[in-house]
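The values are calculated or read from the model by the stated rules, or taken from the named source; none is laboratory data. Keep in mind the model is a prediction, meaning the values are calculated, not measured. Cβ placement follows ideal geometry from the backbone for every residue including glycine, while neighbour counts extend to all protein chains displayed. Note: accessible area is taken over every heavy atom of the protein model, side chains too, but ligands, DNA and RNA are not part of it. Shrake-Rupley method; radii C 1.70, N 1.55, O 1.52, S 1.80 Å.
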Amino acid sequence: MSSNVKLNLPAFTAFRQSPHVIGAVNAEAERVAARANALGHNSHGGKPQYGVLPAIPSNVGTIALVQAENHQAFVDNSAHNTLAKALGGGG
């Protein structure tokens, strides 16, 4: 059995850029940052801090970034793949 499905790509893009989706993306980014902060390993320089850049619409949807906020987080992520682990990957 064969059937054709036609997507309305402009409407799909508009949905992915809607305030509801932006809120959901921000919430998930905050959860990832919280997991990264919980997984972070203290170093001689102190506690690593991970933070979120708020979600913004892109050409095809919405993007939010979780990033290292201080040097300790940069070192921690390099040594332990903390951000990948916070996403649920990276071993």
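When Gly45 is tested against (1) open to solvent by less than 70 Å² (accessible area, probe 1.4 Å); (2) modelled with pLDDT of 95 or more, exactly one condition is not met: (2).
Quick grid of which residues meet (1) modelled with pLDDT of 95 or more; (2) under 22 Å from Gly23 (Cα atoms); (3) open to solvent by less than 40 Å² (accessible area, probe 1.4 Å):
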site	(1), (2), (3)
His41	no, no, no
Tyr50	yes, yes, yes
Ser58	no, yes, yes
Gly61	no, yes, yes
Ala64	yes, yes, yes
Ala79	no, no, no
Gly89	no, no, yes
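Once the range 60-91 is narrowed to residues that are outside any helix (DSSP H, G or I) and touching a residue at least 40 places away in the same chain (Cβ under 8 Å), the residue that is farthest from Arg31 (Cα to Cα) is Val60. Considering only residues in the range 1-57 that are outside any helix (DSSP H, G or I) and among the aliphatic types (A, V, I, L, M), the one that is farthest from the chain's Cα centre (by Cα) turns out to be Met1. For the range 1-18, taking the residues that are under 23 Å from Thr62 (Cα atoms) and not hydrophobic (A, V, I, L, M, F, W, C), the one that is surrounded by the most Cβ atoms within 10 Å (Cβ to Cβ) is identified as Gln17.
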